[in-house]
Amino acid sequence: MSTTDTGYGLEVLAFGPHPDDVELFCGGLLAHMASQGHRTGIVDLTRGEKSSRGTPETRAAETEAASRALGLTLRENLELPDGWIAPWAGFEAPEADRARIAPVARVVEVLRRLRPELVLVPWQHERHPDHEATSALVTRALFFASVRKFETEPPSAAFTPRQVLYYPMRHLAEPSFVVDVTAAFDRKMAAIRCYASQVEPRADGPQTLVGSPLSLTSLEARDRFYGARIGVAHGEPYILRETLGLADLLEHFRRNTFARPLFFVEPR
């Protein structure tokens, strides 16, 4: 008998370092999946309390509004310390305490409790150290979630999601595929604009990358560029760490037929 629970809960679960990261870089996919009736969720690792703008309370209210805009089924925050996300934190503690305090154990508990079919994780190369740390932390948790003897608090059964996708952020990584998010793009942008404290340009406040005058237009240009690569108006890139297999080649291309691409990649 398998020791891994293969019963699924949520269809899609995205992990983000700070509130607004998921909206910025894979909000289109979440909005699209929710519109098709799928149960979707986000787990933010921190409250973004070290942000140069706004307060944790402001960010929490903005997060609530953004979650409604995306049509999420649930949203949780692990309240890890902003700026100090560490994949190995807690392993120096006595073994009896690790399941309670180690961040990797807390992420394992979330995965086992929510049982997502599809998991979205930040790509490993990023500008922000917390973003890279989140990628490493969740990747480690995905492995240990399937290990029966890896302990969590409360105790939970081993679980493996159906598929893990990595979403690039500021780094323009070469995607394994691009998802057409044209129909969901307006909802994605509405969710992003909920974070007014972060994304609206302000002359009287600290200058930040996400709050710079060209920030939102650059994000739209990014989605338009990836969309053009598959012949649609807006697309989001995703990366698989393993080779994708197709059981029915003809049916795949029948269900995923797009116009001719407007940009072409250099042959590998």
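What to note about this one:
- CD proxy at 222 nm, helix term only [per DSSP H run n ≥ 4: -39500 (n - 2.57); per residue of the chain; nearest 500]: -11000 deg cm²/dmol
- The amide H of residue 14, built 1.01 Å from its N in the peptide plane, has 41, 42, 43, 120 as neighbours under 5 Å, considering only residues 5 or more places off or on other chains.
- Of the beta bridges in the chain, as assigned by DSSP with both residues counted there, near 20 percent are antiparallel.
- Shape call, the chain: gyration tensor on alpha carbons, a/c limit 1.5: oblate
- Relative exposure of 153, 251, 132, judged by other C-beta atoms within 10 Å (fewest first): 251, 153, 132
- Three-way shape call for the stretch 51-142 based on the alpha-carbon gyration tensor, with the a/c threshold at 1.5: prolate
- Residue with peak Gaussian network fluctuation, the chain [Cα springs, cutoff 10 Å], from 184, 89, 31: 89
- Sequence-separation-based contact order of the stretch 4-255, relative, with Cα cut under 8 Å and 6+ spacing, percent: 23 percent
- Residues 50, 149, sorted so that the one with the fewest Cβ neighbours within 10 Å comes first: 149, 50
- Fewest-first sequence of 204, 180, 248, 21 by Cβ atoms within 10 Å of each Cβ: 204, 248, 180, 21
- Tensor-based shape of the stretch 181-260 (alpha-carbon gyration tensor, a/c under 1.5 rounded, otherwise prolate or oblate): prolate
- Computed over the chain with a Gaussian network model linking Cα atoms closer than 10 Å, the most mobile of 73, 217, 46 is 217.
- Descending principal axes extents, the stretch 117-175, alpha-carbon based, whole Å: 38, 23, 13
- Out of every Cα-Cα pair that the stretch 10-101 contains, those further apart than 21 angstrom amount to 38 percent.
Values quoted throughout were computed directly from the atomic coordinates according to the rules given, and no laboratory measurement underlies them. Just so you know, these numbers come straight off a predicted model, no measurement behind them. With ideal geometry, Cβ positions are generated from the backbone for all residues, glycine too; neighbour counts draw on all protein chains shown.
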